1. Quick check, is Ala47 modelled with pLDDT of 80 or more, of a type in the set (Gly, Ala, Ser) and under 30 Å from Leu185 (Cβ atoms)?
2. At least 2 residues that are surrounded by fewer than 13 Cβ atoms within 10 Å (Cβ to Cβ) and of a type in the set (D, E, K, R) in each: list the strands (runs of 3 or more DSSP E) lying fully within segment 208-249 that qualify.
3. Can you pull out every residue in segment 38-83 that is under 29 Å from the mean Cα position of the chain (by Cα) and without any contact (Cβ under 8 Å) to a residue 40 or more places away in the chain?
4. Could you figure out which of (1) modelled with pLDDT under 95; (2) not assigned by TED's automatic domain parsing to the domain that holds Gln249 isn't true of Leu230?
5. Ala256 passes all but one of (1) surrounded by 13 or more Cβ atoms within 10 Å (Cβ to Cβ); (2) closer than 30 Å to Arg153 by Cβ; which number fails?
6. What number goes with the only condition from (1) farther than 30 Å from Pro160 by Cα; (2) modelled with pLDDT under 95; (3) part of a loop (DSSP other than H, G, I, E, B) that Pro90 does not pass?
7. Evaluate the following for Ser265: is it polar (S, T, N, Q), assigned to a loop (DSSP other than H, G, I, E, B), closer than 30 Å to Phe319 by Cβ and touching a residue at least 40 places away in the same chain (Cβ under 8 Å)?
Amino acid sequence: MAGKLMMWAALRGLVLVALVIVAAGLPGCGVKSPPLASTMVAPMPVADLKARAVAEGVELSFSVPGEENPNFFIREARLYYGYLPITGDPECPPCPPRLRDYRVLDVASQLKPGEAGKFTYLDRQAPMDMTAVYRVQLVDARGRAGRESGYARAVRATPPQAPTGLKILEGDGQVRLTWQPVVSLADGRQAPEPPGYILYRKGPDGERALNERPLTKPELVDKSLTVGQLYRYRVAAVREINGSLVEGQPGPWVSASALDQTAPSPPSGLVGASFPDGIYLRFTPSPEPDTAGYFVERATVKAGPFTRLNANPLAENTFVDKAVKLGSVYHYRVLAVDEAGNLSQPSPAVEVKQQP
């Protein structure tokens, strides 16, 4: 009897070992696991929903991911919305709002199927003197809806008037902008608090705001410019209410460009030699890449006055003065000029005597 029990135990152990081997080999035998549930391949939630009050309503923006599989193309976005008093929900001011109503936004109206990009929407129905609250949910071509995004809020209130009197002072590699302070709201009422300002610039890199937080004074110096490039500026006044910005209509565009007022370095190493046909001059060019040429000046005495010998800038670093008299002594110096017309200091003068 004991022998039979030992035999059955050994057989059971072999069966268990065989089952373990079979189970370990299943992943490599070509048997596929069950397909993922549709909720596991639904669109990812939007992470960058933003809302800001503008003169016409509330402007919203969020990113739409790109997809290669047509089944995963983002077809629409459900924009959940609610409008609350500026002080919050009367029943529970600190509670997150319950957003039940939504509008269906057609993603294809702005982006091609499967294309990634930024989607924008202007909510013209947002009422005045209320806080507009939003969440967004993406839906793909097969009707799978992702999780809702976080909240985005914007206070809609009467904005300030548009700033006036934008003036620009073009300087050396920079532009200084000033404008008249705003003291009234768009409806003519006195502004309850001093507004701030957002300055916009349009240039080779497109249109963008130059400051993230509102300026407290009606002035700004823009140093992030390319010299000689034309830019356009305009400014808008904003109110800050409960951490949200209420932006008014911007003023008109004004054009400006940064000037190059930095002179090049003077040429160096000026030397001269007398030859039968004139006095030959050579010098080391200025190192600045925007140097446009050189002017040679001559005087009969060391203290000057010096007279310019060439009307147009020299492209080379050599010059021959043929208008000289035998036995006379001359003093020469060279000045560099850049593409903006800035003239350098003169090089140290050299003395050369015209000899036979």
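1. Here the answer is no, as Ala47 does not meet what is asked.
2. none
3. Asp48
4. (2)
5. Condition (2) is where Ala256 drops out.
6. Condition (1) is where Pro90 drops out.
7. Spelling it out, Ser265 is indeed polar (S, T, N, Q), assigned to a loop (DSSP other than H, G, I, E, B), closer than 30 Å to Phe319 by Cβ and touching a residue at least 40 places away in the same chain (Cβ under 8 Å).
This table checks each residue for (1) over 30 Å from Gly173 (Cα atoms); (2) under 56 Å from the mean Cα position of the chain (by Cα); (3) without any contact (Cβ under 8 Å) to a residue 60 or more places away in the chain.
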residue: Ala311; (1), (2), (3): no, yes, yes
residue: Ala315; (1), (2), (3): no, yes, yes
residue: Val320; (1), (2), (3): yes, yes, yes
residue: Val324; (1), (2), (3): yes, no, yes
residue: Ser328; (1), (2), (3): yes, no, yes
residue: Val334; (1), (2), (3): no, yes, no
residue: Asp338; (1), (2), (3): no, yes, no
residue: Pro346; (1), (2), (3): no, yes, no
residue: Lys353; (1), (2), (3): yes, no, no
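The values are calculated or read from the model by the stated rules, or taken from the named source; none is laboratory data. This is a predicted model, so every value here is computed, not measured. Glycine also receives a Cβ, built like all others from the backbone with ideal geometry; neighbour counts cover every protein chain displayed.
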